[in-house]
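Have a look at the structure below, then the notes.
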Amino acid sequence: MVLFSADRRLAALDASATKKAEAAFANIERITEYNQQKVLSAFIECGVSEMHLGVTTGYGYDDVGRDTLDKVVAKAFGAQDALIRHSFASGTHTLSVALFGVLRPGDTVLSLTGRPYDTITGVFGIDSKTDGSLRDFGINYEQVCLTADGEPDIEEIKSRLKTKFYKMAYIQRSRGYSSRKSLSIEKIKQLCDAVKEISPDTVIMVDNCYGEFVEKREPTEVGADLMAGSLIKNPGGGIAPCGGYIAGKSKYIEMCAHRMTCAGVGREVGATVGHNRELYMGFFASPHTTGEALKTAVYASALFSLLGYKTSPETDEARSDIIEIIYLENKDALIDFCRGLQSGSPVDAAAVPTPAPMPGYDDEVIMAAGAFTGGASIELSADAPLREPYCVYMQGGLNFYSAKVGVLLAADRLIKRNAEGDKGGIL
Ligand SMILES: *Cc1c(COP(=O)(O)O)cnc(C)c1O
């Protein structure tokens, strides 16, 4: 039997990292408890019962489980309405349905947080008029770049909003795979206030991927009109097998529903073919699972900073998403990290991550994931392009006690490599 705590060196490292993470853990516990009560209250107030967990097929008319879960999600997110479906193919698809749902030819979107997440650039048609992109349908895109220190440029945003009417202001909460910081809810509130003050009819939409339940409030509670995210990240709780959600103002959710299925039919159809139970369970588990992922991120930050590496966020820094960046500084360390993390995964522990070319990337990319759900990044995972400064983006962890083993094994590989060098000196 492998019992990782039997390794004295790993145990010492674990003890130091745990101590360093103590205050941040206590804060995560408080947020998790608050959000768990928020979700439980939504279940109780919406009268969730056994009949909602059943199966519909065919058109899925009168699927009370589906319709009630929409209400639960809306309530938990402090929104007027919501759509949560297993049939959203990915986060990008969900965001795309929301964008096409409310935008019309001739409209212009203003991104307040610079260039959006990679896959969203194709939806807007930012670089080229991709077939089926918003640009292909005559919807324009403009952006206000982030300031040099990675913050939204509020002054520039205000002056741009005064030049003409923008139908939508688009905000990305998470850092995604960039070095900027995630946007706190407080910052999102400031942006919403600024937009509403100058242009009250502009629809504020937030890409909330990786952000759900990281803070006590969601963007829809501080002025966002619409937000969307993926169920193989936080709000699926590691249980939903696929899907996404959109939450926000009723009139916009209604418009999204007509894009989600078809005009005139909207949310009246859509069989859930047995997925209701998983989506309910996943959403119920989400505050806790997100807390476990956050603890894993904080722990990794503590541990790798003890080993002398730069991490972002730092151990005690405020967080608004579940991503942790560790600057590993060289290619071999990056590969070692991913291999170590993989070796501590519950699924595919024997797999050996290897850098490979990826469509859409200039550099080779390496990925570690030993997940029960394909591509689920609420499960412990890490990925990185092979380029300076060789930083790894790590996220997820369904279960802190398991995920921390992955992190420890990643550290162990680096320590062994650097045994003669200057890293890992504390041991
Ligand atoms: C994950 C993510 C998305 C959606 O990505 P999918 O891979 O399509 O689910 C969009 N925006 C951000 C910031 C994300 O992290």
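Quick look at the values:
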quantity: Average Cα contact separation per residue, region 206-258, under 8 Å, 6 or more apart, as relative contact order %; calculated: 32 percent
quantity: 0 to 90° range, to nearest 10: angle between helix 91-102 axis and the chain longest Cα axis; calculated: 20 degrees
quantity: Computed over the chain: relative contact order in percent, which uses C-alpha pairs under 8 Å that are six or more apart; calculated: 18 percent
quantity: Region 366-389 and region 37-107: distance between their alpha carbon centers, rounded to Å; calculated: 28 Å
quantity: Among ALA371, ALA194, GLY114 the positive-end extreme of the charge dipole of the chain (Cβ point charges); calculated: ALA194
quantity: Accessible-area composition of region 55-274, carbon plus sulfur, in percent [1.4 Å probe]; calculated: 50 percent
quantity: Chymotrypsin sites (Phe, Trp or Tyr not before Pro) lying in DSSP loop within region 150-233, provided at most 13 other Cβ fall within 10 Å; calculated: PHE165
quantity: Förster-model FRET efficiency, 51 Å R0, GLU50 and ASN27, C-beta, rounded to 0.05; calculated: 0.90
quantity: Debye, to nearest 20: dipole size of the chain, +1 on Lys, Arg Cβ, -1 on Asp, Glu Cβ; calculated: 200 debye
quantity: Trypsin sites (Lys or Arg not before Pro) lying in DSSP loop within region 315-395, provided at most 15 other Cβ fall within 10 Å; calculated: ARG387
quantity: FRET efficiency for ALA419 and ASP193, using Cβ-Cβ distance with R0 set to 51 Å, rounded to 0.05; calculated: 0.45
quantity: GluC sites (Glu not before Pro) within region 296-373: DSSP coil, no more than 14 neighbouring Cβ in 10 Å; calculated: GLU314, GLU317
quantity: Nearest 10 degrees, 0 to 90: helix 185-198 Cα axis against the chain principal axis; calculated: 30 degrees
quantity: Helical contribution to [θ] at 222 nm, DSSP H n ≥ 4, -39,500 (n - 2.57), averaged over the chain, rounded to 500; calculated: -13000 deg cm²/dmol
quantity: Theoretical FRET efficiency, 1/(1+(r/R0)^6), r = Cβ-Cβ of VAL265 and ALA11, R0 51 Å, to 0.05; calculated: 0.30
quantity: Per residue accessible area in Å² of the chain, where ligands, DNA and RNA are left out and the probe is 1.4 Å; calculated: 42 Å²
quantity: Region 55-274: relative contact order as a whole-number percent, Cα under 8 Å and 6+ apart; calculated: 30 percent
quantity: The chain: angle of helix 250-260 to the longest principal axis, Cα-based, in degrees nearest 10; calculated: 80 degrees
quantity: Rg/Rh for the chain, where both radii come from Cα atoms and Rh is the Kirkwood radius; calculated: 0.98
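The values are calculated or read from the model by the stated rules, or taken from the named source; none is laboratory data. Everything numeric in this text was worked out from a predicted model, so none of it was measured. All Cβ positions, even for glycine, are placed from backbone atoms using ideal geometry, and neighbour counts span all protein chains on display. Each accessible area value is taken on the protein alone, full model and side chains, heavy atoms only, with ligands, DNA and RNA left out. Shrake-Rupley method; radii C 1.70, N 1.55, O 1.52, S 1.80 Å.
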